[in-house]
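Below is one structure, written out as structure tokens, with a few remarks after it.
The values are calculated or read from the model by the stated rules, or taken from the named source; none is laboratory data. For clarity, every value in this text was computed on a predicted model and none was experimentally measured. Cβ sites come from the backbone with ideal geometry, for glycine too, and all protein chains shown count toward neighbours.
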Amino acid sequence: MAGPLTGINIIEFAGLGPGPFCGMMLADQGATVTVLHRPGRPPDPRLALSRSRNLVEIDLKSAEGIETARKLAKKADGLIEGFRPGVMERLGLGPDALLSDNPKLVYGRMTGWGQYGSLAAAAGHDINYISLSGALHAFGRAGEKPTPPTNMVGDFGGGGMMLAFGMVSALLHAKTGGTGQVIDCAMTDGSAALMAMIFDFHNIGHWRDERGVNMLDTGAHFYDTYETSDDKFVSIGSIEPQFYAELRQVAGLEEDTDFDAQMDQRQWPALKEKLTTLFKTKTRSQWCDLMEGTDICFAPVLSLAEAKEHPHNVERQTFVDVGGMMQPAPVPRYSVTVSDPPTRPV
């Protein structure tokens, strides 16, 4: 694969979710990523999380399989594993063993709770990790229970993406004269880091520690989604005064002086009711005709199927065909080191 990571060799121990996502990110950027999987259990070739990989079947319950894994790690620049703490050590494939073989190896460890701490040995999922970090508490409507944003924040943002960042950082360190090292990537830590701005706002008194009452969590009338007359939805994010003024102008609200109180939180519920009624008067398509492409900060809320067909996404090739499956394209994009199109694993 061509890309900025061409020439980097990564060993990925097969797993679920955030580990494969990290492997996908590295492979998308040109790294050669070899997945070691259980006998008869190769990654599903239809999935984006499996793409652009080399597959090697290996039995980690056998001495021969362990020796094969160790030999591959000797020649690798990096390694990704997502087992519970201690599993790789019991297999004889822990960091001490593999770094003694290959002092430049970057050993990436993906877990929910981290390699140490009172919860390190416990089972868990994204919903639990973002609960502990304070993130889940912030997601949801006012007066309602916390709502997980699928598993974006723990598994993928705070997990897989954070590990990919850590891998590239440590690989750069090793390539510029440093040694290899272990990366302890915990989804609790990562999801807390993703909440940095919200913690900042709370620390300086600009964020109430409640759901659905703040500017960015659907508390504000000018930052929310609204249902249209055809039972679809649109989103607005008219925070800045000039964007808010354009919203009022296009929506016919210039003469309604109630909307002068944009930042008066006491007025937000009543203003939201007005906008709820207003957006129900037209279809989503009609609102798009009026607002899409303006500085209102507007977009239709598209389904998974619709997102692939939107003209902007089509123009940018945001989704690409990989073996007959439409998948999100590799990101980000580079001006010089253009990545090859992703492929099915082989």
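Going through (1) surrounded by fewer than 17 Cβ atoms within 10 Å (Cβ to Cβ); (2) farther than 30 Å from Gly7 by Cβ one by one, Ala193 falls short only on (2). Would you check if Leu55 is touching a Lys or Arg at 6+ places or on another chain (Cβ under 9 Å), modelled with pLDDT of 95 or more and outside any helix (DSSP H, G or I)? So Leu55 fails the test. Looking across the range 234-250, the residues that are outside any helix (DSSP H, G or I) and either in contact with a Cys (Cβ under 7 Å, 6 or more places away or on another chain) or farther than 12 Å from Phe298 by Cβ (or both) come down to Ile236, Gly237, Ser238, Ile239, Glu240. Take the conditions farther than 19 Å from Ala123 by Cβ and in contact with a helix residue (DSSP H, G or I) (Cβ under 9 Å, 6 or more places away or on another chain) and apply them to Met162. Does it pass? Judged against the criteria, Met162 is a match. Filtering Leu253, Leu278 for residues that are more than 32 Å from the chain's Cα centre (by Cα), part of a loop (DSSP other than H, G, I, E, B) and not basic (Lys, Arg) leaves a single hit, Leu253.
Taking Leu172 as the residue in question, decide whether it is in contact with a strand residue (DSSP E or B) (Cβ under 7 Å, 6 or more places away or on another chain) and either in contact (Cβ under 8 Å) with a residue 12 or more places away in the chain or not acidic (Asp, Glu) (or both). Against the criterion (in contact with a strand residue (DSSP E or B) (Cβ under 7 Å, 6 or more places away or on another chain) and either in contact (Cβ under 8 Å) with a residue 12 or more places away in the chain or not acidic (Asp, Glu) (or both)), Leu172 does not qualify.
Residue-wise test of (1) over 30 Å from Gly30 (Cα atoms); (2) buried (at least 21 other Cβ atoms within 10 Å of the Cβ).
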residue	(1), (2)
Ala174	no, no
Met187	no, yes
Glu210	yes, no
His221	yes, yes
Ser229	yes, no
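Checked against the criteria, Leu194 does not count as of a type outside the set (Gly, Ala, Ser) and over 19 Å from Thr218 (Cβ atoms). Among the residues of the range 64-98, those identified as hydrophobic (A, V, I, L, M, F, W, C) and closer than 15 Å to Leu36 by Cα are Ile66, Ala69, Leu72, Ala73, Ala76, Leu79, Ile80, Phe83, Met88, Leu91, Leu93. The residues listed here are Gly92, Gly65, Gly114; of these, the one that is part of a helix (DSSP H, G or I) and either touching an Asp or Glu at 6+ places or on another chain (Cβ under 6 Å) or at pLDDT 95 or above (or both) is Gly65. Screening Ile11 against (1) within 21 Å of the chain's Cα centre (by Cα); (2) crowded, with 24+ Cβ neighbours inside 10 Å; (3) closer than 24 Å to Gly114 by Cβ leaves a single unmet condition, (1).
Return the residues of the range 1-28 that are in contact with a helix residue (DSSP H, G or I) (Cβ under 8 Å, 6 or more places away or on another chain) and farther than 19 Å from Ala69 by Cα; say none if nothing qualifies. Result: Met1, Gly3, Leu5, Gly17, Pro18, Phe21, Cys22, Met24, Met25, Leu26.
Residues considered: Val35, Val87, Val56. Of these, the only one that is assigned by TED's automatic domain parsing to the domain that holds Gly160, without any contact (Cβ under 8 Å) to a residue 12 or more places away in the chain and not basic (Lys, Arg) is Val87.
Select from the range 176-185 the residues that are touching a residue at least 60 places away in the same chain (Cβ under 8 Å) and exposed (fewer than 14 other Cβ atoms within 10 Å of the Cβ) and list them in ascending order. Passing the criteria: only Thr179. Just one residue in the set Leu60, Leu49 is at pLDDT 95 or above, under 22 Å from Ile183 (Cβ atoms), touching a Pro at 6+ places or on another chain (Cβ under 9 Å) and not β-branched (Val, Ile, Thr); that residue is Leu49. Would you check if there is a residue in the range 285-303 being over 17 Å from Ala251 (Cβ atoms) and in contact (Cβ under 8 Å) with a residue 24 or more places away in the chain? Checked against the condition, which is being over 17 Å from Ala251 (Cβ atoms) and in contact (Cβ under 8 Å) with a residue 24 or more places away in the chain, the range 285-303 yields at least one hit.
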